[in-house]
Amino acid sequence: QVQLVESGGGLVQPGGSLRLACAASGISVSLNSMAWYRQAPGKQRELVARIFTGVSTYYTDSVKDRFTISRDNAKNTVYLQMNSLKPEDTAVYYCYVFYGGYWGQGTQVTVSS
C-alpha cells in the first residue's frame, strides 16, 4: 500500500523559508517521478515542482529560483525547499507520485505578516 505523508508546513513571514518533506512508503522515491502540487482557496490545484527519475527537475514559473525539489533515497523522502516566500505562495501543498496517481494528505503553508 502506497502512503505519502507530508510535513513541514506552517506560518511564515514574507521573505522567510520552509522545507516540506514527503515521506513515502510502499514505493521507492528513487525509482519514481514525484511532484509537489498546491491548492489555494478558490483555485485549482497546480503543479509546483517535479523531480523525474534521475536528476531532471521542473518548476512552474512563479517558483523558479525560489523553490528546490530534491529527494533523499536513504530516507525515501522527497523535499521542497521554499525560500523568499510570498503571500501568494499560501496554499495547501500536496505530494504526488505519478505511477499509480497517489496523493498525500497535504500540509498547509501560510505566508503572512
Exercise for review: Would you tell me the accessible area of Lys64, worked out with a 1.4 angstrom probe on the heavy atoms of the protein chains, in Å² to the nearest 10?
Suggested key: 100
Point to revise | Full-stretch length increase - Ser30, Lys75 - with 0.36 nm per residue and alpha-carbon distance subtracted | key: 15.2 nm
Revision key, fill the gap. Heavy-atom accessible area of the chain with neighbours in place, 1.4 angstrom probe: carbon+sulfur share in percent works out to 47
Practice item. Order the following by accessible area, largest value first: Arg45, Arg19, Arg50. Probe radius 1.4 Å; ligands, DNA and RNA are ignored. Key: Arg19, Arg45, Arg50
Exercise for review: Figure the gain on full extension for Tyr58 and Lys86 (residue separation times 0.36 nm, minus the Cα-Cα span) and round it to one decimal in nm.
Suggested key: 8.1 nm
Practice item. With only Lys, Arg, Asp and Glu charged, each at its Cβ (+1 for the first two, -1 for the last two), find how big the charge dipole of the chain is about the Cα centre; round to the nearest 20 debye. Key: 40
Review point. So what is the accessible area of the chain per residue, in Å², with the probe set to 1.4 Å?
Key: 53
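The values are calculated or read from the model by the stated rules, or taken from the named source; none is laboratory data. Quick caveat, the model's predicted, so the values are computed rather than measured. All Cβ positions, even for glycine, are placed from backbone atoms using ideal geometry, and neighbour counts span all protein chains on display. Quick note on the areas: whole protein, heavy atoms, side chains included, nothing else; ligands and nucleic acids left out. Shrake-Rupley method; radii C 1.70, N 1.55, O 1.52, S 1.80 Å.
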